[in-house]
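What follows is a single structure, written as structure tokens, with notes after it.
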Amino acid sequence: MILDATTLNMLKLGVWETLYMTFTSSFFAYLFGIPLGIILIATDKDGIYPIPWFQRTLGIIINLLRSVPFIILLIMVIPITKLVVGTTLGASAVIPPLVIASAPYVARVVESSFKEVDAGVIEAAKSMGASPLQIIWKVLLPEAKPSLLVGAALSVTTILGYSAMSGFVGGGGLGDIAIKYGYYRYQTGMMFITVAILVIIVQIIQEAGMKLSRVSDKRIK
Amino acid sequence: MHSAEPIIELVGLGKEFYTASGPIKALDDINLSIGRGEIFGIIGLSGAGKSTLVRCINYLEIPTSGTVLFENKSLTAMRPREQRLARQSMGMIFQQFNLLAQRNVLQNVCFPLEIAGVSKKDAVDRAMELLEMVGLSDRSKAYPSQLSGGQKQRVAIARALATKPKILLCDEATSALDPNTTKSILSLLKEINKTLEVTVIVITHEMAVIEAVCDRVAIIDQSHIAEVGSVADLFSEPKSKIGRQLILGEAAERVIQFGDSKNVRITFDGRSSFEPVLSNMILACKVPINIIHAETKDINGTAMGQMVIQLPEDELDQKRIINYLKTAKITHEEVKSL
């Protein structure tokens, strides 16, 4: 294996595609995941706006989506992908299945962050006459922020891992390169390089998330 | 001390919790009237239902029977929106302070004002005024994690008063604090009651708290009100069994017996504690006695005390002393030892 200009360009494109898939999918996964997490926590039987039957139903739907293996989901949502993106090939085509697979996961991560917010603080807000929406906006979200950031690092790295799988269906990115060269063409060296790059990206995202969380947390200063 | 006009009335209030092992009655047929401007104490052992009771007053817990009247308006009949508005007239402080950990002191005090829709500038002005009052204006930029327990409770008090409430509910507000801090928080509550004319409702399991600040007190025991009255009356003559237990403590039922002679408890009210009751009695009856237990408390400026004395074995001597106590109109009773 030679690291010539073509190979380097391919790797550069792979990194860019991977980051593009990961962050675009993460953005949309959070766009759906945060409201879902809020609904899960608010409609709980002990929540600020209890609707227990609805909460249970939503919980089951989320668990169902999370039980479908990603590789199967990739194929299952091809019609949706075609409708939304217009093609089933390339990095953009992987975004709809990534969002569908990770939004329920993000919802659970967000829910668990909200669960860490002290019930006494929510009670205090209620005692001041705060409405459920005010409690969500002014208590749950700001108080859970450090935990939400740790959760985001976890979610983004998980989505990165999913995006690498999309190489199997021609999705692009570093995972695609690892499969094409490392697996189909037995270029073990290329496989190691892509895996090493993935490890570095995961490290950076994880550390950045933890650091942001520490800096924003007013409890430990 | 306070006008007769009630600000809070609880009428036949009951609360049941439904658990897997059947319903549990936390409150049963509670009837209370709390006057405007008074400091009212609610005392009970843990599990007696006092925390549930205070949460029924501002409807954080919805009672399963009876009504809560706030300024003659029934909270039961209000829509959730109106109930939230009513809550803005009732501040509340907690044992664990419950400050927002991600907001600084000033932002915490501004919080209820934001909820009430007060403009940012007015909110900051009001918050600084309150921080001045609780003595923390120099810590306005600090975060709760940088404050001591007593400072946190002061911030919580400032926050609870931000919307100019008519009532301040204190749920075990000093139970997580050391004795000195407790004292300073209690005197702050007293000051607030006097200067801002806020009715204060104090929930506690400590008699010392009731003794230090309250005008009137209700004793709650096993979901019921066992006794209500002025603190002075309660201390001089507790009527219920739980009242005696809470006030007289160890001395209530248990007295070590020396020999077979009788033990008598004498209770002093404000008047008799300034007279040399015991000396007079010994001089008049010419009978020696043995003091087994004695204590004096300062209730709103008057000395209240109780003493357990042991009488001699001679029956005639015993009668002489009992007769003396009767004619001198000193509250007394025989104590049965274990």
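Values in this text are rule-based calculations from the coordinates and carry no lab data. Everything numeric here is computed off the predicted structure, so don't read it as measured data. Using ideal geometry, Cβ is built from the backbone for each residue, glycine included, and neighbour counts are taken over all protein chains shown.
With r as the distance between the Cβ atoms of A:GLN206 and B:SER137 and R0 = 25 Å, compute the FRET efficiency 1/(1 + (r/R0)^6) and round to 0.05. Plugging the Cβ-Cβ distance into 1/(1 + (r/R0)^6) gives 0.05. What list of ³J(HN,Hα) values in whole Hz, one per residue of region A:51-59 in order, does the Karplus curve 6.51 cos²θ - 1.76 cosθ + 1.60 (θ = phi - 60°) give from phi, with Gly and Pro shown as x? Taking θ as phi minus 60°, the curve returns 9, x, 5, 5, 4, 5, 4, 4, x Hz for region A:51-59.
On the basis of the beta-carbon distance and an R0 of 30 Å, A:LYS45 and B:SER65 show a calculated FRET efficiency of 0.85. The 3J(HN,Hα) values that the Karplus relation (6.51, -1.76, 1.60; θ = phi - 60°) gives for region B:194-211 are, in residue order, 6, 7, 9, 6, 8, 6, 10, 10, 10, 9, 7, 10, 9, 4, 4, 5, 4, 4 Hz. Gly and Pro appear as x. If you take every DSSP beta bridge fully contained in chain B, what fraction is antiparallel? Give it as a percent rounded to 5. Antiparallel: roughly 70 percent of the beta bridges in chain B.
Listed by chain and number, the aspartates and glutamates placed with their C-alpha closer than 15 angstrom to that of B:LYS319 are B:GLU333, B:GLU334; residues fewer than eight positions away on the same chain are left out.
Among A:MET190, B:MET304, the order by Cβ neighbours within 10 angstrom, fewest to most, reads A:MET190, B:MET304. When each of B:CYS285, B:CYS214, B:CYS170, B:CYS110 is scored by the number of other beta-carbon atoms lying within 10 Å, the sequence from fewest to most is B:CYS285, B:CYS110, B:CYS214, B:CYS170.
Using a cut-off of under 19 Å, list every residue of region A:185-209 whose amide N is near the label point 7 Å from the Cα of A:PHE23 along the Cα-to-beta-carbon line. Under cut-off, by backbone N: A:197-209. Here the contact order of region B:258-335, divided by its residue count and restricted to Cα pairs under 8 Å and six or more residues apart, works out to 46 percent. Counted by Cβ distance under 10 Å from B:MET133, the other residues give a net charge of -2, where Lys and Arg count +1 and Asp and Glu count -1.
Computed over neighbours whose Cβ is under 15 Å from that of A:ILE95, the net charge equals -1, Lys and Arg +1, Asp and Glu -1. Report the longest stretch of chain B that contains none of the GluC sites (Glu not before Pro) sitting in a DSSP loop with at most 16 other Cβ atoms within 10 Å. The segment B:72-196 is the longest one with no such site.
Close amide H partners of B:ALA226, meaning residues 5 or more places away or on another chain with modelled amide H under 5 Å apart, are B:ILE219, B:ILE220, B:ASP221.
For region A:5-216, the Cβ-based charge dipole about the Cα centre amounts to some 280 debye (Lys, Arg positive; Asp, Glu negative; other atoms uncharged). With an 8 Å Cα cut-off and a minimum separation of 6 or more residues, compute the relative contact order for chain A in percent. With pairs under 8 Å counted, the relative contact order is 27 percent. For B:THR331, the residues 5 or more places off, or on other chains, whose built amide H falls under 5 Å of its own are B:THR267. Label-to-label distance for A:VAL68 and B:LEU278 is 8.6 nm, based on points extended 7 Å past Cα in the beta-carbon direction.
Charging the Cβ of each Asp and Glu at -1 and of each Lys and Arg at +1, and nothing else, the dipole of region B:6-243 about its Cα centre rounds to 820 debye.
Lysine pairs in region A:1-151 whose alpha-carbon atoms fall under 17 angstrom of each other, counting only those eight or more residues apart or on distinct chains, come to 6.
Arranged from fewest to most other beta-carbon atoms within 10 Å of their beta carbon, A:TRP53, A:TRP137 become A:TRP53, A:TRP137.
In this structure the amide hydrogen of B:ILE7, modeled in the peptide plane, comes within under 5 Å of the amide hydrogens of B:ILE34, B:GLY35, B:ARG36, none closer than 5 places in sequence on its chain.
Let me know the whole percent of all Cα-Cα pairs from the protein assembly as shown that are separated by more than 36 Å. Cα-Cα pairs of the protein assembly as shown separated by over 36 Å account for 54 percent. Near B:ILE34, once Lys and Arg are set to +1 and Asp and Glu to -1 for all other residues with Cβ below 9 Å from its Cβ, the sum equals 0.
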